[in-house]
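**Q** Questions regarding the structure given below will be posed in turn.
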Amino acid sequence: MLRTTSIVLAVIFGLSAVTLQTKTQAQDAANDKVVIREAVYGDLPDGNKVTVTEKVAKLLKGGKLMVEVGNDLFGDPAEQVQKKLRVKYELGGKSLEATVEEGETLLLPQPKLVGELKILSAKYGDVPNGDTFDVIDLVKKHVKDNRLEIAVDNDTLGDPASGVFKRLRVEYQVGDVKLFKSVYEGGKMVIAVAAKETKKEDAPAKKEIESLKK
């Protein structure tokens, strides 16, 4: 009898814990906190991929998410292919989806990136733990009109790790938002942001201005 009672109580407490967790997730979704429902990384949509829902969910801090998308975090389910991370999530009671290329940074909620482009760090080589060159000064020289465009190769950046497939990793800031971007050797890194937010002119006001000019 005692054993049966213990089993029943264990089941009840287990169900209560699951119910509580479900209610907490629902409250988070309704209170402008990100709730991860599904995350997949790989050769999307139809190639090799892995489910990384639990791993992405663990990266949530204060209901917000920042993920530097790449093999360092998720492994490599599709070698020699430019992969993507697709995340399905809830925010403010809405079901949403975001897809980000390998080497980019995913931020949830997704912010408006407006402001001066500032380069905070730049490393080229066997990133993250091998031999690298600090190329921040060189990278900064390739920023023009709030846009970075630079070839990722030894001719441009030198060769800190001969015989190794290298990459350029840049940390940058736009307004109050810090992000990362990585590009493999042989590619081109491009980061472009709006210096200021553009506002669409109100149509009736525009017509009134045009009539005054006549």
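The values are calculated or read from the model by the stated rules, or taken from the named source; none is laboratory data. Note that the coordinates shown come from a computational prediction; the quantities given were computed from them, not determined experimentally. Here the Cβ is made from the backbone with ideal geometry for all residues, glycine too, and neighbour counts use every protein chain on show.
**Q** Does Asn154 satisfy the criteria of being outside the structural domain of Lys61 (by TED's automatic domain parsing), modelled with pLDDT under 95 and not β-branched (Val, Ile, Thr)?
**A** When the stated conditions are applied, Asn154 does not pass them.
Let's see how each residue does on (1) part of a loop (DSSP other than H, G, I, E, B); (2) of a type in the set (A, V, I, L, M, F, W, C):
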| residue | (1), (2) |
| --- | --- |
| Tyr124 | no, no |
| Val127 | yes, yes |
| Gly130 | yes, no |
| Phe133 | no, yes |
| Leu138 | no, yes |
| Thr156 | no, no |
| Ala161 | yes, yes |
| Phe165 | yes, yes |
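**Q** Taking region 51-65, which residues are polar (S, T, N, Q) and more than 10 Å from Ile36 (Cα to Cα)?
**A** Across region 51-65, the qualifying residue is only Thr51.
**Q** Could you run through region 30-48 and say how many residues are over 15 Å from Glu97 (Cβ atoms) and either at pLDDT 95 or above or not aliphatic (A, V, I, L, M) (or both)?
**A** 8
**Q** Hey, Ile119 hits all of (1) in a loop (DSSP other than H, G, I, E, B); (2) at pLDDT 95 or above but one; which does it fall short on?
**A** Among (1) in a loop (DSSP other than H, G, I, E, B); (2) at pLDDT 95 or above, the lone unmet condition for Ile119 is (1).
**Q** Is it the case that Leu179 is in contact (Cβ under 8 Å) with a residue 60 or more places away in the chain, within 20 Å of Pro128 (Cα to Cα) and either assigned to a strand (DSSP E or B) or under 21 Å from the mean Cα position of the chain (by Cα) (or both)?
**A** In short, yes.
**Q** Test of understanding: among Val190, Val143, Val170, Val174, which residue is modelled with pLDDT of 95 or more and surrounded by 21 or more Cβ atoms within 10 Å (Cβ to Cβ)?
**A** Numbers: Val190 fails: surrounded by 21 or more Cβ atoms within 10 Å (Cβ to Cβ); Val143 fails: surrounded by 21 or more Cβ atoms within 10 Å (Cβ to Cβ); Val174 fails: surrounded by 21 or more Cβ atoms within 10 Å (Cβ to Cβ).
The unique qualifying residue is Val170.
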